[in-house]
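All remarks here apply to the structure that follows.
Since every read-out is calculated from the coordinates, none of them should be taken as a lab result. Predicted model, so just to flag it, every value in this text is computed and none were measured. Methodologically, a virtual Cβ is constructed for each residue, glycine included, from the backbone with ideal geometry; neighbour enumeration extends over all protein chains shown.
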Amino acid sequence: MHGLAVLLFPAALMLFALAMERLESRLERLNVRGEHVEEFLESAQPEQLDTLATHGFPAALDEFRDRRSPANSETGDSIRVTQ
């Protein structure tokens, strides 16, 4: 029984490490700094606040950035981010 544990423990440890690495990469992608939150809350429109409530901060921040980008400011378009 101990021999089986000796063989399975390294494999289980490797799988756990790979799962934690995937989780870390997802969290890193969703990382938002405090300056972004302050800027968003100061000048967000109701549409972005609706997106914040329904889809979370990363999607709302993407919509906010799309609205403020030069390409969209000329046409006045607002792109809605859905997940």
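Observations on the structure shown:
- Based on the Stokes-Einstein relation at 4 °C and a viscosity of 1.567 mPa s, and on the Kirkwood radius from alpha carbon pairs, segment 1-74 is assigned a translational diffusion coefficient of 84 µm²/s.
- Inter-label distance, nm, simple model (7 Å from Cα along the C-beta direction), Asp62/Asp50: 1.8 nm
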